[in-house]
Amino acid sequence: MPEQSFLWGHGYAQKYIVKNYFYYYLFKFSAALGEEIFYITFLPFVYWNIDHSVSRRMIIIWSIVMYIGQVSKDILKWPRPLSPPVVKLELRTDAEYGMPSTHAMAATAISFSFLIATMNQYKYPFELGLAAAFVFSMLVCLSRLYTGMHTVLDVIGGALISAVLLVLLYPAWDTIDHLLLTSPFCPLLSIVVPLVLCYNYPKLDYYSPTRGDTTTILGAGAGATVGFWLNNQYASPAYTGENFQLGFPLITSKLVVVVLARFFVGIFIVLLTRRLMKSVVLSMLGYRYKFPIGDLAARRRLEVEVPYKFITYSSVGFCATVLVPLLHELLGLM
């Protein structure tokens, strides 16, 4: 018997019946691959266990692509699919506009930038990497249709915009990476430019989470970029020797233990940093602007939302690239 479920939306209950649990859970999981929980685990994992240069390129591409995608939504103002007839399986992003799908943009950017950055550094069949990137991006794109959050045009538009940006940025990858690591202006520009972009984000007639999400992304990218620069300047520990290798013939038990230990220790510290910084920054802003921490309306104000999200997530990015590697070294996980 199919199970009857309810989705609470804008003042009404939207009823739907799950007829195929395989597709339901597959696409619900695939949709999560385009959200914060994935970024906050996968991107640090690449940095801690695969390759610093690959991680740097992915984070920079992800930040640029997502900013352009989020801003495009609020400039174009194309609505999401009407419900009914479409059944929407998500609530939070329903307040955003639809075109382009930033899930599709992020999935395309993450998967194919990973492929491009690793194909010349590690020995693995290119066809296998291409297939994996295609399957990953397709699953995320299809999940946006299944969950009723985007039209086919939204998804295709998002994937195409991301592909074009990858093609345009690829020739400058090495130059950008070199400047981020060596320029004395990198730390200042890494903080100032994203902050200016966040404070000058397109204004809407009603509240949408796009500005907050954009600030989260740019903040994380800014903190990580400052961390990259510091690591290069002061020779912070690099993950050498026992690094995870994409072309290795055998996986040793010791390697698996080291990789898992790095990941779980790192994620614990990252999540702890995020929780602590949220509490500290909100408390300070609440004191400054005279509002209780639980006041959701106050937290959505520009002068609160931007510094709250930017400081919190820049701290997360910095922690993942500087503090966690130092802890790994202390624990003998290098």
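Shape analysis of the range 76-208 places it in the oblate category; the axes a ≥ b ≥ c from the Cα gyration tensor give an a/c of at least 1.5, with a/b not above b/c.
Proximity of backbone amide H atoms, modeled 1.01 Å from N, is registered between TRP78 and GLY98, MET99 at under 5 Å, excluding neighbours fewer than 5 places apart on the same chain. For the chain, the mean residue ellipticity at 222 nm estimated from helices alone is -22000 deg cm²/dmol, where every DSSP H run of n ≥ 4 contributes -39500 (n - 2.57) and the total is divided by all residues, rounded to the nearest 500.
Hey, can you find the accessible area per residue of the range 38-104 for me, probe 1.4 Å, expressed in square angstrom? Walk me through the numbers before you get to the answer.
Numbers: 2240 Å² over 67 residues.
Here the residues of the range 38-104 average 33 Å² of exposed surface.
The stretch between HIS178 and TYR289 holds 35.9 nm of extra length on full extension. This uses 0.36 nm per residue minus the Cα-Cα distance.
Average accessible surface for the range 262-334: 53 Å² per residue, computed with a 1.4 Å probe over protein heavy atoms with every protein chain in place. Within the straight-line cut-off of under 26 Å between alpha carbons, the lysines reachable from LYS203 are LYS73, LYS77, LYS88, LYS278, LYS290, LYS309, sequence neighbours fewer than 8 places apart in one chain being disregarded. Using a ≥ b ≥ c from the Cα gyration tensor of the range 8-90 (square roots of the eigenvalues), is it rounded, prolate or oblate, where a/c under 1.5 gives rounded and otherwise the larger of a/b and b/c decides, a/b for prolate? The shape class here is oblate. Take every pair of alpha-carbon atoms less than 8 Å apart whose residues are at least six positions apart; their mean separation over the length of the chain yields a relative contact order of 20 percent. Annotation: amide H-H contacts under 5 Å for VAL18 (H modelled 1.01 Å from N, sequence separation of 5 or more, or interchain): GLU3, SER5.
By the rule of a C-alpha distance below 14 Å, with chain neighbours fewer than 8 residues away ignored, the aspartates and glutamates paired with LYS254 are GLU242. Using a 1.4 Å probe on the protein heavy atoms, what percent of the accessible area of the range 18-114 belongs to carbon and sulfur? C and S fraction of accessible area: 72 percent. Applying the Karplus relation 6.51 cos²θ - 1.76 cosθ + 1.60 with θ = phi - 60° to the range 277-286 yields 3J(HN,Hα) values of 5, 4, 5, 5, 5, 5, 5, 5, 5, x Hz, where x marks Gly and Pro.
Of LYS254, LYS203, which has the most accessible area and how do the rest follow, probe 1.4 Å? Before the final figure, lay out each step's value.
Details: LYS254 125, LYS203 160 Å².
The most accessible residue leads, giving LYS203, LYS254.
Summary of packing: across the peptides 165-173, 34-42, 145-153, 51-59, the per-residue average of other C-beta atoms within 10 Å ranks them, highest first, as 51-59, 145-153, 34-42, 165-173. All other residues whose Cβ lies under 12 angstrom from that of SER72 are scored, Lys and Arg at +1 and Asp and Glu at -1, for a net of -1.
Can you tell me the accessible area per residue over the range 187-237, all protein chains present, probe 1.4 angstrom, in square angstrom? Before the final figure, lay out the partial values.
Details: 2240 Å² over 51 residues.
Result: 44 Å² per residue.
Length gained on full extension, ASN200 to ALA32: 57.6 nm, using 0.36 nm per residue less the C-alpha separation.
Other residues whose C-beta falls under 10 angstrom from the C-beta of ILE217 contribute a net charge of -1, scoring Lys and Arg +1 and Asp and Glu -1.
The values are calculated or read from the model by the stated rules, or taken from the named source; none is laboratory data. Just so it is clear, the structure is predicted and the values come from calculations on it, not from any experiment. Positions of Cβ are generated from backbone atoms using ideal geometry, with glycine treated the same way; all protein chains shown enter the neighbour counts. All accessible areas refer to the heavy atoms of the entire protein, side chains included, with ligands and DNA or RNA removed. Shrake-Rupley method; radii C 1.70, N 1.55, O 1.52, S 1.80 Å.
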